Amino acid sequence: MTPNHSELKAPLHAAPPLSRATMPAPAPYRAITLRAVLLGLLLTIPNTFWITVVEVRWYTLDGTSLPLFITPIFFLFWIKLANMAIQRYLPKIAPRLMLTQAEMLTIYVFLVIGTLLAGHDMFQNLFGAIAHADRFATPENNWRSLFFAFLPKFWLVRDPTAQSGFFQGSVSPYSPQYWQPFVGPLFWWTLFIGTLIGICFCFNILIHKHWADHERLSFPIIQLPLALTSETVPGLAGGLLSSKMLWIGFGLVAVIDSINGLHYLFPSLPYLEMVKLYNVGQFLTSRPWNAATALNTSLYPFAIGLAFFVPLDLLFSCWFFFLLRTGFQVFGAAAGLDGPGSAGFPYFPQQASGAWIAMGLTIVWALRTQLKTAWKTAFSPMVGDRASDGALTRRQYRGAFIGLGVGVLSLAGFSYQIGLTPLVAILFFGCYFLLAITITRVRAELGTPHEIYFVNPRLMLVTLFGSQALGAQNLTALSVMYWFNRGYRCHPMPNQIEAMQMGQVARIRSNGMLWLIVLALIWGTAAAYWANLHVTFTAGATAKAVGFKQWVGSESYGQLQGWIQTPVRTNPLQLVYTAGGFLLVLFLRVMRGNFLWWPFHPAGYALAVSYALDYFWFCFFVAWVAKYLIIRFGGMKAHNAAMPFFLGLTLGDYVVGSIWALYGPLNDLQTYKIFL
């Protein structure tokens, strides 16, 4: 058992508490400056192109698979160093040239939004599926007769010439015969995805202040960018980069990544294998222990650094439930539960679905009072100064509710156009937004990875009703939309609310931050479309593009083919495991809410059974041990003193990893990557 230390999550940027008598007046809110917006617009283009090159063409960074994106931190690091150089070497003109924290965070938000749109599970996946059906339909798979009649053609690229250039490459990305057939489908996808993102954005507006001001969630993911841009880090007169502890952590990781990077180029040089995935399960060869053959350990420095900011109780729950999950697999093998007739054991997709739905329902239930209050604030008669903060909040809430209404009507129109029946549409989008809210809460409270690969609305509906009950029309529409439900590593909703929180901490005007997010989404969409088309038409999606997400289309339509040819019926055992995951989360939630000594967090179980911890559980264990011992023997003073070291682990891994990701494409080769 570990004590519950959820309260031990003071962010590095937070100042020590002051009495009312000594508390200074809050700093005035800052407007977003034009130069920061222009720099954000400008830097989004190379950042987006860089991501697309290294992840689509070379697959050498994989930086958008992580909750804290790599390339925005890399840019922010060099911007901060430039700021410090100006301050030191150009002191007379430094006040005019140096960027404020608000300006650096403005640029950072632009880069984050562009990164998430260009990354895994967003537009990379869209381009993996948008032209797949026609290109890979063959007489053998019989796709044309099975489901082509149900495909929403306005979402797909059907032109053979454009498909040939897209998949084979070696053509000009700017020749109209290749890019024009993409314009129509991308336009309609932009409207649809914009509707989904807009609904998430409106919901974030309604819940942000409640989570930030009333529940005081820690938002662990934003601690590094806030500390990196702040000039007033407690105990560090010169800011974060003046900390010796930070540079010790940074230097340690730089040495590791340099050695491993050189080994990748020159195999005769030594290699520090322990930081990457190592399969300890390979030594378990006899039954039932061989059920754990996929047990991997890792010592990713960036993951240990990020995990240090996760509350202790969740760190414990994550590695505990992961090992419990592995033990359940071994137990199942010993008991014969994985024998003939039990295909699918241990039913992790079903357990994960039940767990995440239960978490989502409890989160929404806890927000019911806030949503009622927001509704009253938005539409009740206003009393007092129309220029006050209350009036601003009222306008924002009203706009959010109107946006939700418009978004729901738009989704109804799209559902009609693609042939979704009303019940299936309600269940599908209901599950999608429930998962979005849950992921956002997990990020805001805990900051953990949320790659819930096993959990998506399409699989949930097939599990509950069977493929035959849904019908070919519904299944086809759901499969065309599978690309943005395959995983949620780049989900827009948590990044939106984190941008709002960074704006609040840096005293950026809330209206300005909201409009900044909207502008970044529009600009980032255009940049991501251009980058993907340029790279694929140049290199070829199936020719030279090593990391292209072609399997998204294969999974979408291959599974659809199987469901139509061999209908799947409701499996009572799968429903039992789904209900089991649901009830276990409810039990853990009740125990956690009623007993302070209870050490298990429901998110730990939900993450453990949904693929999110397969790469990171051992990093969480190491961070838990380090954090527990530091607090146990040194108290919060030692904990706060250690923070820069762990930030240095993440920063060093990201900076050196990015340098390798630049070196590779510039020299036309694959290089070492810090993840996987």
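Computed quantities for the displayed model
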| item | result |
| --- | --- |
| Extreme residue, positive dipole direction of region 34-666, given options Ile93, Thr48, Ala82 (C-beta unit charges) | Ile93 |
| Taking the chain and dividing mean pair separation by its residue count, relative contact order in percent (alpha carbons under 8 Å, at least six apart) | 33 percent |
| Extension gain from Ala579 to Ala638, taking 0.36 nm per residue of separation minus the Cα-Cα distance | 16.9 nm |
| FRET efficiency for Ile522 and Phe587, using Cβ-Cβ distance with R0 set to 51 Å, rounded to 0.05 | 0.70 |
| Trypsin sites (Lys or Arg not before Pro) lying in DSSP loop within region 85-115, provided at most 10 other Cβ fall within 10 Å | Lys92 |
| Percent of Cα-Cα distances greater than 20 Å, calculated over region 229-360 | 67 percent |
| Along each principal axis, Cα extent of region 542-648, largest first, Å | 63, 47, 16 |
| Region 258-299: proportion of alpha-carbon pairs further apart than 17 angstrom, % | 48 percent |
| Spin-label model distance (nm) - Trp78 vs Leu337, 7 Å beyond Cα toward Cβ | 5.2 nm |
| Net length gained if the chain between Tyr628 and Trp551 were fully extended (0.36 nm per residue, minus Cα distance) | 23.6 nm |
| Solution diffusion estimate, µm²/s, Stokes-Einstein, the chain, Kirkwood Rh from C-alpha pairs, 20 °C, viscosity 1.002 mPa s | 82 µm²/s |
| Inter-centroid distance (Cα atoms) of region 521-588 relative to region 183-215, Å | 21 Å |
| Cβ-based charge dipole, region 443-588, positive-most Cα from Tyr488, Leu573, Leu583 | Tyr488 |
| Distribution of pairwise C-alpha distances over region 348-500, 5 Å bins, in % | 1, 8, 14, 18, 18, 15, 11, 7, 4, 2, 1, 0 |
| Per-bin percent of Cα-Cα distances, region 130-203 [10 Å] | 18, 38, 30, 13, 1 |
| Region 275-355: chymotrypsin sites (Phe, Trp or Tyr not before Pro) in DSSP loop, at most 11 other beta carbons within 10 Å | none |
| Across Lys80/Lys244; Lys276/Lys549; Lys276/Lys673; Lys80/Lys673, pairs whose alpha-carbon gap is larger than 19 Å | Lys276/Lys549; Lys80/Lys673 |
| Convex hull (Cα only) mean projected area of region 449-530, reported in nm² to one decimal | 7.7 nm² |
| Ranked list, fewest to most other Cβ atoms within 10 Å of each Cβ, for Thr369, Thr393 | Thr369, Thr393 |
| Axial C-alpha extent at least 24 Å, average Kyte-Doolittle at least 1.6 - helices from the chain (DSSP) | 101-118 |
| Met84, Met481 arranged by Cβ crowding within 10 Å, fewest neighbours leading | Met84, Met481 |
| Region 33-185 pair-distance distribution - Cα-Cα, 5 Å bins, rounded % | 1, 8, 14, 14, 14, 12, 11, 8, 6, 5, 3, 2, 1, 1, 0 |
| Fewest-first sequence of Lys80, Lys673 by Cβ atoms within 10 Å of each Cβ | Lys80, Lys673 |
| Charge dipole magnitude, Cβ of K and R +1, D and E -1 - the chain, Cα centre, debye nearest 20 | 1360 debye |
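Values quoted throughout were computed directly from the atomic coordinates according to the rules given, and no laboratory measurement underlies them. Not measured: the values here are computed from a predicted model. Please note: Cβ atoms are built from the backbone with ideal geometry, for glycine as well, and neighbour counts cover all protein chains shown.
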